[in-house]
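The values are calculated or read from the model by the stated rules, or taken from the named source; none is laboratory data. No experiment lies behind these values; they were computed from the predicted model shown. We place every Cβ from the backbone using ideal geometry, glycine too, and count neighbours over all the protein chains shown.
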């Protein structure tokens with residue numbers, strides 16, 4: 001077995017350490033004030049035939065900043081030297097969790113010519129001085145340093161989280177659905193984390209009874225993903241039996257009044273109000289709405305602007321950094337998926353009170369303070385590394401967001417007119433670009449249909465993902481080059497549901513056949529349904545004519561982007577998935593996308609009686625004014641806004657912060673896209689009124 005080595009990068013003791021100071025502040029919120037000092041070090045683990053010179057080169061040329069940092073190396077299983085003893089917590093990812101720093105370390109080591117590195121992993125070491133008990137250390141680890149959904153910790157040396165070697169797994173399970181009764185259907189939905197209702201499970205059972213066979217696990221998981229709330233917006237499309245107990249009459253977008261009392265049927269909020277309003281106005285500058293990964297409007301005669309916003313609430317409640325990080329990455333890919341270059345990000349965030357007493361935090365939930373810190377860090381990390389300015393947003397606090405925050409990520413893109421293609425042709429090759437596939441994000445789409453409980457982190461922790469903006473940056477440049485050269489007929493991103501969603505939606509009208517066998521994996525041992533449904537980040541799907549493959553290959557090589565042929569578009573109206581010679585899924589596209597039973601909901605509204613309160617004016621308004629200014633919703637957000645790069649790309653004319661000292665929020669940020677030329681600009685603002 002190859003030797004594993006450990007490189008520790010530590011901050012020089014004679015220099016101020018911002019991470020250590022921040023950690024001391026967080027620990028003080030736990031009521032632990034008897035800590036003298038904290039030191040924070042980064043850990044890098046490497047496995048392979050490495051010489052002392054190799055380790056020195058890696059530390060000096062890749063990992064340590066010689067101006068402010070030092071390093072020490074030793075075998076990972078060697079006992080720590082006496083000078084490293086003390087009160088220590090070390091934290092690292094679980095095996096298989098995406099670790100973008102470790103992945104980049106592996107790639108850069110090979111660029112340096114150190115090809116004997118086989119595996120990499122990372123961790124963090126915290127050393128404490130002061131009067132702390134073992135119980136105190138465990139509390140600090142669990143409440144501040146380690147999120148046990150994706151990480152583990154030790155009070156001492158950490159063992160590297162290399163993924164255990166395993167053989168490829170090809171098993172496909174036949175699910176005995178046709179003979180299942182209703183109780184068994186619901187049990188199956190819960191057991192496999194499908195989050196399908198009884199009516200939906202009955203519809204699937206009826207379809208396979210008609211086919212005369214039982215479904216494979218690949219087919220059942222594909223149906224659950226496609227029918228999820230995230231992908232189908234089932235609540236917005238549900239028929240609503242609405243009863244109004246008096247009050248003012250309501251109106252449809254077209255202007256027809258609805259009854260002010262009695263019962264009526266609303267055939268879906270999306271169709272009746274949201275989509276109908278846009279279609280009724282029919283503004284000519286709206287280029288695309290409700291059909292693409294992002295909405296598109298006209299910018300000028302030569303360019304279009306796209307905009308996509310999406311919540312990432314549940315994942316951020318479980319793992320705040322990763323949830324927000326991949327939320328930003330997802331909307332960026334949605335904009336790339338309409339052939340646009342991202343030019344700005346937005347973020348609207350709602351958290352529980354930061355000063356909420358610990359005893360009032362629901363069981364199984366993270367403290368709002370920890371959620372807020374992780375979410376802001378995740379947004380900062382992805383946007384800044386992608387080189388996209390974060391220009392507009394809002395941050396509010398309310399008890400209603402204590403267990404489940406609102407993390408509303410957005411991205412604005414710019415594209416030349418008529419460059420976006422969206423119609424794959426029979427015979428086109430189905431190509432996957434970008435990152436490798438792992439178990440990260442499994443059941444993320446179906447998780448959107450779930451209710452958060454105190455057990456959610458333990459039961460569906462696999463939905464949590466960590467993003468890799470460095471990979472996505474290279475992917476962006478490759479896709480834009482392919483767009484400019486007209487190499488593909490259609491493009492979409494692998495978001496919720498992974499290949500299942502991206503390929504299934506792209507081939508909805510014509511049919512597609514996919515082979516999972518040659519899809520690049522982060523590690524062996526994934527089952528076929530896991531490969532198909534994985535929501536591993538930073539992947540795109542392109543429909544490419546055969547004659548354009550060689551040029552696409554050249555572009556990907558130029559930007560160091562991996563690409564793989566995974567199938568072809570057929571024209572037979574079916575979704576057919578293979579693993580080598582075996583067919584593991586064969587579904588009719590119409591049933592897959594239209595076969596789910598529509599919900600019927602009931603709603604009733606009675607006008608509230610709201611007597612006007614009698615409030616005597618206070619004698620002195622000073623306290624009222626100061627209290628209002630100190631309220632978290634009103635208080636300055638400059639400390640957060642400054643963490644986001646709003647100058648990158650050089651197009652920001654009016655900044656997020658303005659005024660004589662540049663510390664007041666602007667009504668809107670204004671961009672002058674450099675690609676366009678001239679002085680035509682884009683104003684970007686937002687509004688939220690939760691009270």
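One line per residue, one yes/no per condition, for (1) assigned by TED's automatic domain parsing to the domain that holds residue 99; (2) farther than 22 Å from residue 594 by Cα; (3) at pLDDT 90 or above; (4) not in a helix (DSSP H, G or I):
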residue	(1), (2), (3), (4)
165	no, yes, no, yes
171	no, yes, yes, yes
177	no, no, yes, yes
180	no, yes, yes, yes
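From the list 205, 125, 142, which one is under 30 Å from residue 56 (Cβ atoms) and either assigned by TED's automatic domain parsing to the domain that holds residue 26 or more than 30 Å from the chain's Cα centre (by Cα) (or both)?
Of 205, 125, 142, the one residue that is under 30 Å from residue 56 (Cβ atoms) and either assigned by TED's automatic domain parsing to the domain that holds residue 26 or more than 30 Å from the chain's Cα centre (by Cα) (or both) is 125.
Conditions (1) surrounded by 10 or more Cβ atoms within 10 Å (Cβ to Cβ); (2) assigned by TED's automatic domain parsing to the domain that holds residue 110; (3) under 34 Å from the mean Cα position of the chain (by Cα), marked per residue:
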{"position": "16", "(1), (2), (3)": "no, yes, yes"}
{"position": "20", "(1), (2), (3)": "yes, yes, yes"}
{"position": "62", "(1), (2), (3)": "yes, yes, yes"}
{"position": "74", "(1), (2), (3)": "yes, yes, no"}
{"position": "82", "(1), (2), (3)": "no, yes, no"}
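Out of all the residues in segment 559-591, which are in contact with a helix residue (DSSP H, G or I) (Cβ under 8 Å, 6 or more places away or on another chain) and under 22 Å from residue 436 (Cβ atoms)?
Passing the criteria: 559, 560, 561, 562, 563, 565, 566, 567, 577, 579, 584, 585.
Restricting segment 656-677 to residues that are in contact (Cβ under 8 Å) with a residue 40 or more places away in the chain and part of a loop (DSSP other than H, G, I, E, B), which is farthest from the chain's Cα centre (by Cα)?
So, considering only residues that are in contact (Cβ under 8 Å) with a residue 40 or more places away in the chain and part of a loop (DSSP other than H, G, I, E, B), the one farthest from the chain's Cα centre (by Cα) is 676.
Considering each of 156, 212 in turn, give the residue that is at positive phi, surrounded by fewer than 16 Cβ atoms within 10 Å (Cβ to Cβ) and touching a strand residue (DSSP E or B) at 6+ places or on another chain (Cβ under 7 Å).
Testing whether each residue is at positive phi, surrounded by fewer than 16 Cβ atoms within 10 Å (Cβ to Cβ) and touching a strand residue (DSSP E or B) at 6+ places or on another chain (Cβ under 7 Å) leaves just 156.
For segment 79-103, name all the residues that are farther than 21 Å from residue 20 by Cβ and in contact with a strand residue (DSSP E or B) (Cβ under 9 Å, 6 or more places away or on another chain).
Within segment 79-103, 81, 93, 94, 95, 97, 99, 102, 103 meet the criteria.
Residues are listed down the side, and each one gets a yes or a no for (1) modelled with pLDDT under 95; (2) surrounded by 20 or more Cβ atoms within 10 Å (Cβ to Cβ); (3) outside any helix (DSSP H, G or I):
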{"residue": "279", "(1), (2), (3)": "yes, no, no"}
{"residue": "291", "(1), (2), (3)": "yes, no, yes"}
{"residue": "304", "(1), (2), (3)": "no, yes, yes"}
{"residue": "327", "(1), (2), (3)": "yes, yes, no"}
{"residue": "332", "(1), (2), (3)": "no, yes, no"}
{"residue": "345", "(1), (2), (3)": "no, yes, yes"}
{"residue": "350", "(1), (2), (3)": "no, yes, yes"}
{"residue": "355", "(1), (2), (3)": "yes, no, yes"}
{"residue": "376", "(1), (2), (3)": "no, yes, no"}
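Looking at segment 511-558, which of the residues that are farther than 15 Å from residue 434 by Cα and without any contact (Cβ under 8 Å) to a residue 40 or more places away in the chain is nearest to the chain's Cα centre (by Cα)?
Once the filter is applied, the top-ranked residue is 550.
Which count do you get for residues in segment 96-128 that are at pLDDT 90 or above, surrounded by fewer than 18 Cβ atoms within 10 Å (Cβ to Cβ) and outside any helix (DSSP H, G or I)?
4
Can you tell me which residue among 576, 590 is in contact with a strand residue (DSSP E or B) (Cβ under 8 Å, 6 or more places away or on another chain) and either at pLDDT 95 or above or not in a helix (DSSP H, G or I) (or both)?
576
Any idea how many residues of segment 573-591 are under 30 Å from the mean Cα position of the chain (by Cα) and closer than 18 Å to residue 508 by Cα?
Number satisfying all stated conditions: 12.
Of the residues that make up segment 469-487, is at least one at pLDDT below 95, buried (at least 24 other Cβ atoms within 10 Å of the Cβ) and within 30 Å of residue 583 (Cβ to Cβ)?
No, that holds for no residue.
Just give me the residues in segment 491-545 being at positive phi and not in a helix (DSSP H, G or I), in sequence order.
497, 511, 525, 538
Can you say whether residue 607 is surrounded by 12 or more Cβ atoms within 10 Å (Cβ to Cβ), in contact (Cβ under 8 Å) with a residue 12 or more places away in the chain and in a loop (DSSP other than H, G, I, E, B), as far as the supplied structure shows?
Details: surrounded by 12 or more Cβ atoms within 10 Å (Cβ to Cβ): no; in contact (Cβ under 8 Å) with a residue 12 or more places away in the chain: yes; in a loop (DSSP other than H, G, I, E, B): yes.
No, not satisfied.
Can you tell me which residue among 97, 149, 163, 101 is closer than 30 Å to residue 530 by Cα and in contact with a helix residue (DSSP H, G or I) (Cβ under 8 Å, 6 or more places away or on another chain)?
149
Buried (at least 24 other Cβ atoms within 10 Å of the Cβ), farther than 14 Å from residue 376 by Cα and not assigned by TED's automatic domain parsing to the domain that holds residue 633, is that true of residue 297?
Against the criterion (buried (at least 24 other Cβ atoms within 10 Å of the Cβ), farther than 14 Å from residue 376 by Cα and not assigned by TED's automatic domain parsing to the domain that holds residue 633), residue 297 does not qualify.
Per-residue answers, yes or no, for (1) within 18 Å of the chain's Cα centre (by Cα); (2) in a strand (DSSP E or B); (3) crowded, with 22+ Cβ neighbours inside 10 Å:
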| residue | (1), (2), (3) |
| --- | --- |
| 383 | yes, no, yes |
| 388 | yes, no, yes |
| 394 | no, yes, no |
| 404 | yes, no, no |
| 407 | yes, yes, yes |
| 412 | yes, yes, yes |
